[in-house]
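For reference, the structure is listed below as structure tokens.
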Amino acid sequence: MWTRTFIMKKFIRMAGVAVLLAASGMASAGAKVTYVDTEKMTDVPRFASDRESMEIHFREHLELLAKKLPAGQQLNVEFLDIDLAGDQFPRVAVQDVRVLKGRADWPRMHFRYTIEQDGKVVKSGEPKLADPNYLMGTNRWNNEQYSHEKQMLEDWFRKDVLGKSR
């Protein structure tokens, strides 16, 4: 008899902890990132697994940026077109090489975004980002894949979303 009571108390305690964790997660800022037909975008990796990896990189980066939003706000981004920095050249059947020359191969992104709070849109836009000087200046993401695109997204987020200058 005491076993059933013990199990029930433990279950109720665990359920309470789960509710608290879920509630705390809802109060924090977050990001929802979607992609509109990446296969038809201007310049993305040609292999599906590489495209999925790229999508994960950008999703995680935007989730990191969204943590800077006030509690309760949600960043929603829908990528419409991506043109990665450099040009991609097939090297072998299973791997491509991306070459960055700094000419007309700069990164470009076109997306729609909204920032919501309590189900209401507090800010939105459809920026077309480009960075022709992507090989100049500092890039804090230099040792990561898609570093130029991440820096471009961070600059946009800081300036347009948070309203901060450098």
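Structure summary
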| quantity | calculated |
| --- | --- |
| Where a residue in segment 57-72 is over 15 Å from ASP155 (Cα atoms) and its partner, wherever it lies, is assigned to a loop (DSSP other than H, G, I, E, B) and among the charged types (D, E, K, R), with Cβ under 9 Å and at least six apart | HIS57/GLU144; GLY72/ASP118 |
| All strands (runs of 3 or more DSSP E) inside segment 68-110 with 3 or more residues being at pLDDT 70 or above | 73-83, 87-92 |
| Top-ranked residue of segment 111-142 - restricted to ones that are of a type in the set (Asp, Glu) and part of a loop (DSSP other than H, G, I, E, B), ranked as surrounded by the fewest Cβ atoms within 10 Å (Cβ to Cβ) | ASP118 |
| Among the residues listed as SER49, SER53, the single one being closer than 23 Å to ARG140 by Cα and either in contact with a Leu (Cβ under 6 Å, 6 or more places away or on another chain) or modelled with pLDDT of 55 or more (or both) | SER53 |
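The values are calculated or read from the model by the stated rules, or taken from the named source; none is laboratory data. Bear in mind that the values here come from a model prediction, so they are computed numbers and not experimental data. All Cβ positions, glycine included, derive from the backbone under ideal geometry; neighbour counts span all protein chains shown.
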